[in-house]
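Asker: Okay, here's the structure, questions in a sec.
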Amino acid sequence: MHILVCDGTGCRSSQSGLISEMFRDELLRKGLKNEVQVIRTGCFGFCEKGPIVKILPDNTFYTQVRPEDTAEIIDEHIIKGRKVTRLLYLDPDTQEYVSDSKHMGFYKKQLRVALRNCGLIDPENIDEAIARDAYQALGKVLSEYTPEQTIDIIKRSGLRGRGGAGFPTGLKWEITGKNPADRKYVVCNADEGDPGAFMDRSILEGDPHSVLEAMAICGYCIGASNGLIYVRAEYPLAVKRLKVAIEQAHQYGLLGEHIFGTDFSFDIKLRYGAGAFVCGEETALIHSMEGKRGEPTNKPPFPSQSGYLGKPTNVNNVETFANVPVIILKGAEWFSSIGTEKSKGTKVFALAGKINNVGLIEVPMGTTLREIIFEIGGGIKNGKKFKAIQTGGPSGGCLTEKHLDTPIDYESLTAAGSMMGSGGMIVLDEDDCMVSVAKYYLGFIVEESCGKCAPCRIGNKRLYEILERITKGKAVPEDLDKLRNLCNVIRDTALCGLGQTSPNPVLSTLNNFIEEYEEHVFEKKCRSGQCHDLLYYVIDEEECTGCGACKRVCPVNAISGEKKQPHIIDQKICIKCGSCMEKCQFDAINLKNEYKSTTVSV
Amino acid sequence: MEMIKLTIDNKKIEVAEGTTILKAARQFGIDIPTLCHFELGDMGIENKPGGCRICVVEIEGRRNLAPSCITEVQEGMVVNTHNIRVINARRTVLELIISDHPFDCLVCAKSGQCELQHLATQLGIREIPYKGEQSTYRKDTSPSIIRDIDKCILCRRCEMMCNQVQTVGALSAINRGFMSVVAPAFEMNLEDSPCTYCGQCVSVCPTGALTEVDHTNDIIRALSDPSKTVIVQTAPAVRAALGEEFGMEPGTLVTGKLVAALRRLGFDYVFDTDFSADLTIMEEGTEFLNRIKRHMAGDTSVRLPILTSCCPGWVNFFEHNFPDLLDVPSTAKSPQQMFGAIAKTYFADKIGVNRNDLVVVSIMPCLAKKYECQRNEFKVNGNPDVDYSISTRELAAFIKLANIDFLDLPDEDFDDPLGESSGAGVIFGNTGGVIEAACRTAYELYTGKKLEKIEFEELRGLEGIRSATIDFDGLPLNIGIANGLGNARKLLDEVRAGTSNYHAIEIMACPGGCIGGGGQPYHHGNSEILRRRAAAIYTEDERKTIRKSHENPSIIRLYSEFLGEPGSKKSHCLLHTHYFPKSNEVTIHR
Amino acid sequence: MSTKTNTENHIANECPYNGSLPEVEVKIKLTADKIEKIDAICRSFDNDPGELINVLHETQSEFGYLPAEVQDVIAQNLRIPVAQVYGVVSFYSFFTMTPKGEHPISICLGTACYVRGSEKILEEFKKELKIEVGETTPDGKFSINCLRCVGACGLAPVVMVGERVFGRVSPEGVKQIIAEYNN
Amino acid sequence: MTEIKTLADLKKKQEEVKSRIDLRNKAENPEARVQVKVAMATCGIAAGAKKVMEYFVEELEKRNIDAIVTQTGCMGYCFAEPTVEVILPGKEAMVFGYVDNVRADEIIERYIKHGELVDGIIPQNYDTIEHEER
């Protein structure tokens, strides 16, 4: 028998270390040392209910175990074989105790559709992919369905673009299919540029064939025999695995001429990005593939009308494609049974930031942020307080406590002031300054703006400058109005989708954390202490001995005080050189994010 | 064509399918301001990157504002061009653009002609609420063009002109985001780039980012130096455009006033480049006939077609791009340089002035002429044949500076002996004019017959590439004409490939020829202005009594007194030149 | 002052171009084998201007960077203006015109790394090496640049030196990393 | 490799290769070998997965354990990279996190050889879609 004790950060901070020691002691005492092993495991992810203890082989999952419960578990469960019911998980819906974790809501929260083969097969071996049904959907489509029927399946499934905007995939295929041309293209957008997002890369690295197969299916539907994958050059491993996969698919005749003995031929070539976030925008991506500067152009015309080399082009992102083969094999109804009314299926997120279980997750649409953060993600790191979750990367926004029960789908995230984006999720805790976070994203946008349109090129620069003034304590009240007006105008007038959404990080923090902005502007205070310029050297009256060492070393004579009396620093004069703190032998001088007014009434 | 019904600013209108909102609005008298948008529609030149976002309008039911210059109308569309949301957005965008623009309007070469300035006035910008860092770059001065790209607003018109229209490829958008700007490769000097100085970038630049090098001050200095004799020549296209700068209707001929103004500015002699245009025809025409005759006699070493060489932008272009074809163009100098060479020899000797004390000024519709007159091969012991070349625009500013009431000036005549010209010299200003002038002379010299109809209508027009076959009394000659360097490239590629069946090709670097030159008054995208200038040139030709170069008495006298005959040794020394490969391509031996 | 007439002077001076033509400036300072390498890369993409970015990728991996001369040769092969090549090179952050250090240091500034303090790590590197982002130390040993997300968010903040990844880097650890490569 | 010309060909091929995956998933066969899968996506490699994989290959051979070591994509546990999944014949898959050579040695000696669990297990927290027939 095994006793697994969670040794994750969350559980450890609620004494899981002591719990495993007590188990060992108790087992020793009961003479069961050789029969029962105590194992410390990694985080179970269910930190909400920690500390977690799991008994194998019967898979009993105990929650919120306290050190004093260890004896009871051994006596009752290990020796007598009776489960300690009060420590089992109580299903909030059914009000029944659940002992096997597999039947618990939490573990059902993830469902891997797009990631179905990631971590399961050797991505460089096509046989393993075939063993997991790769290319069956393509075979089925080519031998049983017309393009129209296939498009109909995709349409009925409710699949929408996973790159962020959520355009219905089937409809896109249909439109591109209907535009007549001698040549058409299928493009896979694998230019995942969001800082802190790596969903697409994981699919390409873990299951490249799912994408290749889906592109061929798309090609069959729209009447294209050429596919292009635009992949970031910063993803060397994904590039390598794609090359291997394309090569192997060719050897099996699953790509190339007359696939499955039909008239359908399809080939896929790779094109590399070169470090430009804007190339995630489809018109910019197309220009980049043509060897040009990756600048977007106005839509219409849409790529479905005039895309790569002026030909109708269907652009979908990696995750969207990865869903397609499963939909064909399992049916539109199966897919549309997952998710919410308007957003079907699952979505992959890269969960990162101040969270215990950083990683790649895939959940059905409609899962709430709370479930993701506290159940799957295992809660906030180091037991800190949750402050916000940033979704959608630089185009998205920061959502707060009040949005935690929002079911995730395209519409509700947009309504809440953020967006689905490609799937980055960054969790922020109480130590994060929301103005600085907005500034971080604006810094990214300023660096990545292509420069073609004035609102994005200059407007975001000005936004950044205002945010910088705010974090440096140099802002004036009008700056807040300017921020808001600029955000609205940029959103209204920028040329491409990226420009139009670029003010979102500012707008969403302005809406949800206006008090932090106001503190910075009016009180020159950063509550999380992140803004260096808003930290102050303050003398602790209790600790100060009045030795005068600080006064002597201060280069601007900002320190005053009588001998043997607590000294005081005039913040209006202080240049924050730090010499006084270095000099003080009594640790009486500290950096603080606020200070008491130095005005003394005489 | 299908008609689309829509509503703009509560007006119900109907326009053809495919019309942009901007055009539809303008058709019905609604003015939507624009900035980056630029169109010479019928000449196939258009620039609508949709980048400045000034022309945004609200389309009901759409989330964002839409750029009216590229958004096509749709059935039932309801458009608001000036509601509060639009006005606020438009003003904010303009404030942003201005926040990254130097505030030196008082000393800017473009002041008063600046589209950004006009727009700021129009939208009532009174302060810049969004002050911040400005993007700054190195200022670059070439012989013809100054690039002060701190003033660049990234409308990309110059890039479009330089690449799509002229295929010169000297300029490209570079960098990214806030630091993006239009510049030559590696931000090198324009002088080191394949720039031809055609000046088309300058002629479309909405701000002072691209301007000509101004030589007015040098000329004022020369005029005020009593030891100098200062003479001036004016190119044909100047007289058809200068009036625009004084509020006259485009296409007004101001030859007489132009002469009078130059005289009042203090020039000692006012001459005409048309005179040396006639001279060019004599030399180039002779060379052409020679090549034809040798060709017909079976001489395979002779290169055909012959290419005209009077356009310095074009000369720079083929030196850069077709260094392998340097023996194809005529060796005749341009009229400006022929004038300079004759002025500083024949004329200087005539009036007994040392060439070093003779200052030759040219008034040109062109910026490449500034570079041309500085070329080493056009200097004798360091003294240039033409000292200064100023543009039509600079002359207008000069006249205003001198407080000359241009409109009130009497018509005056050019001085002798370098002021007399034929109608053939005048039409040099239009695309097709040089070759028409050449045909008038070559025909008569070749056939010995008198032309029945002087006008070769088949050689006229504004299309980029034209061709015609002229019957030289039983000898059909294939003539090609290109205006705009992109069109020239097409014909030159054929020559290079050996598939060209032309005997002679006229090439002008600027769209429309010299009337559309880089130094002409700004047309701000109105191609009607070009058409009127062209018509004015042909009118001037018609008014002339002498319309063939070889009949110009001053030309006849020049040959009899001085040069001998066309193509003589003296003519060659003074009036012909060589070309130099300026390949921007790799010249390493492989 | 000569007593000759202007005309005689002009003719005596002859036309300077009647002599030998001036040498055309050789702009390219690359050795023949390097040019051959670039030619081969361009050829492998059929000298297709649409393949410019792929050509630049291959060339950069060959030379480590894309100096002006190299871009000139590429422009010639693909028959496009070099300004256009430069326009593309200067647009994409992956392309560089300065050689990287022997040990190129890349600090991830992806969001996950950012919220876990990668800015401080960057500052520390800049302070220690006394260079700015995009620069190389005078001895050519180190260069600093930033990148966005290597996908090792679980190890944030992340620093890459060459191909090697250092995870969970602290400001104090910076000196150690540099020291490791400084011997 | 033979070309796959029809859907039937593909299904035949799948039957041939299926066992490899089945072994990995169910491992019903007591004769089946030990499977070690190392997550080799960028995050894993960044954390040293390559070395760990090499270590497993070499050590398992040295210690005469009949095992298959394969690479696989990201399992999603980026916080615990390098991660290794070990499937003993007839047992459920076990994922170990933070695997270095020391831990790998422990996994081989204690878990693979003797079936004893060792510290560092990561509970698998997702479901993968499976086809009805399986």
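Asker: Starting from the Cα of B:THR136, step 7 Å along the direction of its Cβ; do the same at A:LYS80; then give the gap between the two resulting points in nm.
Answerer: 8.4 nm
Asker: Set the Förster radius R0 to 51 Å, insert the Cβ-Cβ distance between D:LYS12 and A:GLU68 as r into 1/(1 + (r/R0)^6), and round the FRET efficiency to 0.05.
Answerer: 0.25
Asker: Taking the Cβ-Cβ separation of D:LYS91 and A:LYS240 as r and a Förster radius of 41 Å, what is the calculated FRET efficiency to the nearest 0.05?
Answerer: Numbers: r = 33 Å, r/R0 = 0.80.
E(calc), rounded to 0.05, equals 0.80.
Asker: For the pairs A:LYS155/A:LYS184; A:LYS109/D:LYS13; A:LYS344/A:LYS385, note any where the Cα-Cα span goes beyond 26 Å.
Answerer: Listed pairs above 26 Å: A:LYS109/D:LYS13; A:LYS344/A:LYS385.
Asker: Which of rounded, prolate, oblate describes chain A, given a ≥ b ≥ c as roots of the alpha-carbon gyration tensor eigenvalues and a/c under 1.5 marking rounded, otherwise prolate only if a/b is larger than b/c?
Answerer: oblate
Asker: Measure nothing fancy, just the Cα-based angle from helix B:485-497's long axis to the longest principal axis of chain B, in degrees from 0 to 90, nearest 10.
Answerer: Tilt relative to chain B: about 50 degrees.
Asker: Calculate, for C:GLN176 and C:LYS130, the FRET efficiency according to 1/(1 + (r/R0)^6) with r their C-beta to C-beta distance and R0 25 Å; round to the nearest 0.05.
Answerer: Numbers: r = 18 Å, r/R0 = 0.71.
E(calc), rounded to 0.05, equals 0.90.
Asker: Here's another thing I want to ask about it. Please list 3J(HN,Hα) in residue order for the range B:74-80, calculated via the Karplus relation 6.51 cos²θ - 1.76 cosθ + 1.60 where θ = phi - 60°; whole Hz, with x for glycine and proline.
Answerer: 9, 3, x, 4, 10, 10, 10
Asker: If the limit is 26 Å between Cα atoms, which of A:LYS472/C:LYS126; D:LYS37/D:LYS91; A:LYS472/A:LYS592; B:LYS379/B:LYS582; B:LYS548/B:LYS582 go over it? Display every interim value, and only then the final one.
Answerer: Numbers: A:LYS472/C:LYS126 21 Å; D:LYS37/D:LYS91 15 Å; A:LYS472/A:LYS592 15 Å; B:LYS379/B:LYS582 19 Å; B:LYS548/B:LYS582 35 Å.
Listed pairs above 26 Å: B:LYS548/B:LYS582.
Asker: Need one value for A:238-248: mean number of C-beta atoms belonging to other chains within 10 Å of its residues' C-beta atoms. Write out the running numbers ahead of the final one.
Answerer: Values: counts 3, 0, 0, 3, 0, 0, 0, 0, 0, 0, 1.
Across A:238-248, the average partner-chain Cβ count within 10 Å equals 1.
Asker: Would you order C:GLU119, A:GLU519, A:GLU362 from fewest to most other beta-carbon atoms within 10 Å of each residue's own beta-carbon?
Answerer: Numbers: C:GLU119 17, A:GLU519 20, A:GLU362 27.
Fewest-to-most Cβ neighbours within 10 Å comes out as C:GLU119, A:GLU519, A:GLU362.
Asker: Now for a separate question. Which value at 222 nm does chain B reach when only helices count, each DSSP H run of 4 or more adding -39,500 (n - 2.57), with the total divided by all residues and rounded to the nearest 500 deg cm²/dmol? Don't jump to the answer; show the numbers that get you there.
Answerer: Working: 19 runs with 182 residues, N = 590.
One gets -9000 deg cm²/dmol as the mean residue ellipticity at 222 nm.
Asker: Now a separate question. Please state the relative contact order of the range C:110-183 as a whole percent: Cα pairs under 8 Å, 6+ residues apart? Don't skip to the end; give the middle numbers.
Answerer: On the way: 76 pairs, mean separation 23.4, N = 74.
After rounding, I find 32 percent.
Asker: Mean Kyte-Doolittle of at least -1.0 plus a Cα span of 20 Å or more along the axis: flag which DSSP H helices in chain A meet both, please.
Answerer: Helix filter hits for chain A: A:208-222, A:236-251, A:434-448, A:478-493.
Asker: What order do you get for A:VAL348, B:VAL107, C:VAL73 when you list them from fewest to most C-beta neighbours inside 10 Å?
Answerer: Ranking A:VAL348, B:VAL107, C:VAL73 by Cβ neighbours within 10 Å, fewest first, gives B:VAL107, C:VAL73, A:VAL348.
Asker: Can you find, among A:SER265, A:GLY223, A:THR150, the residue sitting farthest towards the positive end of the charge dipole of the range A:126-334, where Lys and Arg contribute +1 and Asp and Glu -1 at Cβ?
Answerer: A:GLY223
Asker: Something else now. Residue by residue through the range B:87-104, which ³J(HN,Hα) values in whole Hz follow from phi under the Karplus form 6.51 cos²θ - 1.76 cosθ + 1.60 (θ = phi - 60°), with glycine and proline marked x?
Answerer: 4, 4, 5, 4, 5, 4, 4, 5, 4, 5, 4, 5, 5, 10, 9, x, 9, 10
Asker: A follow-up question, please. Explain nothing, just the number: relative contact order of chain A, from Cα pairs under 8 Å at least 6 residues apart, as a whole percent.
Answerer: Relative contact order, chain A: 12 percent.
Asker: So which lysines can A:LYS30 reach, going by Cα to Cα under 17 Å and dropping same-chain residues fewer than 8 places off?
Answerer: A:LYS80
Asker: Given A:CYS574, A:ASN460, A:ILE380, which one lies farthest toward the positive end of the charge dipole of chain A, if we put +1 on the Cβ of every Lys and Arg and -1 on the Cβ of every Asp and Glu?
Answerer: Farthest along the dipole direction, towards plus: A:CYS574.
Asker: Then there's this: Assigning unit charges at the beta carbon (Lys, Arg +1; Asp, Glu -1) and nothing else, what dipole magnitude in debye, to the nearest 20, does the range C:32-89 show about its Cα centre?
Answerer: 100 debye
Asker: For chain C, what are the per-bin percents of Cα-Cα distances with bins 10 Å wide, up to the bin holding the maximum?
Answerer: P(r) over chain C, rounded to whole percents: 9, 27, 21, 18, 11, 6, 5, 4, 1.
Asker: With runs of 4+ DSSP H residues as the only contributors, calculate the mean residue ellipticity of chain A at 222 nm using -39,500 (n - 2.57) per run, divided by the residue total and rounded to the nearest 500.
Answerer: Counting only the DSSP helices, I get -9500 deg cm²/dmol.
Asker: Excluding residues on the same chain fewer than 8 positions from A:LYS564, give the aspartates and glutamates whose Cα lies under 18 Å from its Cα.
Answerer: Qualifying aspartates and glutamates at Cα under 18 Å: A:ASP540, A:GLU541, A:GLU542, A:GLU543, A:ASP587.
Asker: Classify the protein assembly as shown as rounded, prolate or oblate from the Cα gyration tensor: take a ≥ b ≥ c as the square roots of its eigenvalues, call it rounded if a/c is under 1.5, otherwise prolate when a/b beats b/c and oblate if not.
Answerer: prolate
Asker: Could you work out how much longer the chain between B:ILE351 and B:MET1 gets when fully extended? Use 0.36 nm per residue separation minus the Cα distance between them, nm to one decimal.
Answerer: Full extension of this stretch gives 119.2 nm more.
Asker: Any chance you could give the angle, 0 to 90 degrees and rounded to 10, that helix B:312-321 forms with the longest Cα principal axis of chain B?
Answerer: 80 degrees
Asker: Same structure, new question: Pulled fully out, how much extra length does the chain show between A:LYS178 and A:LEU32, if you take 0.36 nm times their separation in residues and subtract their Cα-Cα distance?
Answerer: 45.3 nm
Asker: Another question, if that's okay. Could you tell me the relative contact order of chain C? Use alpha-carbon pairs under 8 Å, at least six residues apart, and round to a whole percent.
Answerer: Working: 219 pairs, mean separation 29.9, N = 183.
After rounding, I find 16 percent.
Asker: Using modelled backbone amide H atoms (1.01 Å from N, in-plane), which distant-in-sequence or interchain residues come within less than 5 Å of B:SER334's amide H?
Answerer: none
Asker: Something else now. Once you order the gyration tensor axes a ≥ b ≥ c over the Cα atoms, which shape class does the range B:3-82 get: rounded for a/c under 1.5, otherwise prolate or oblate by comparing a/b with b/c?
Answerer: It comes out oblate by the Cα gyration axes.
Asker: Something else about it: Take the residue pairs A:LYS140/D:LYS18; A:LYS33/D:LYS51; A:LYS474/B:LYS139; A:LYS347/D:LYS5 and return only those whose Cα atoms are more than 28 Å apart.
Answerer: A:LYS33/D:LYS51; A:LYS474/B:LYS139; A:LYS347/D:LYS5
Asker: Same structure again: Can you tally the net charge around A:ARG241? Count Lys and Arg as +1, Asp and Glu as -1, for every other residue whose Cβ sits under 13 Å from the Cβ of A:ARG241.
Answerer: Net of charged neighbours comes to -4.
Asker: Counting Lys and Arg as +1 and Asp and Glu as -1, each charge on the Cβ, what is the dipole of the range B:444-590 about the Cα centre in debye, to the nearest 20?
Answerer: Working: 20 positive and 19 negative charges, 89 e Å.
The dipole magnitude comes to about 420 debye.
Asker: State to the nearest 20 debye the size of the charge dipole of chain C about its Cα centre, where the only charges are +1 on K and R beta carbons and -1 on D and E beta carbons.
Answerer: In total the dipole reaches around 700 debye.
Asker: I want to check the label-to-label distance for A:LYS472 and B:ASP405. Put each point 7 Å from Cα in the C-beta direction and report it in nm to one decimal.
Answerer: About 5.7 nm separates the two model spin labels.
Asker: Pop a pseudo-label 7 angstrom from the Cα along the beta-carbon direction at both B:GLU72 and C:GLU123 and give the gap in nm to one decimal.
Answerer: Here the modelled spin labels are 5.4 nm apart.
Asker: Another question, if that's okay. Which residues among the range D:33-53 fall inside the zone where the amide N is under 17 Å from a point 7 Å beyond the Cα of C:ARG164, along Cα→Cβ?
Answerer: D:45-52
We did not get these values from a lab; they are worked out from the coordinates using the rules stated. Note that this is a predicted model, so its numbers are computed, not measured. Neighbour counts are summed over all protein chains in view; Cβ atoms, including those assigned to glycine, are modelled from backbone coordinates with ideal geometry.
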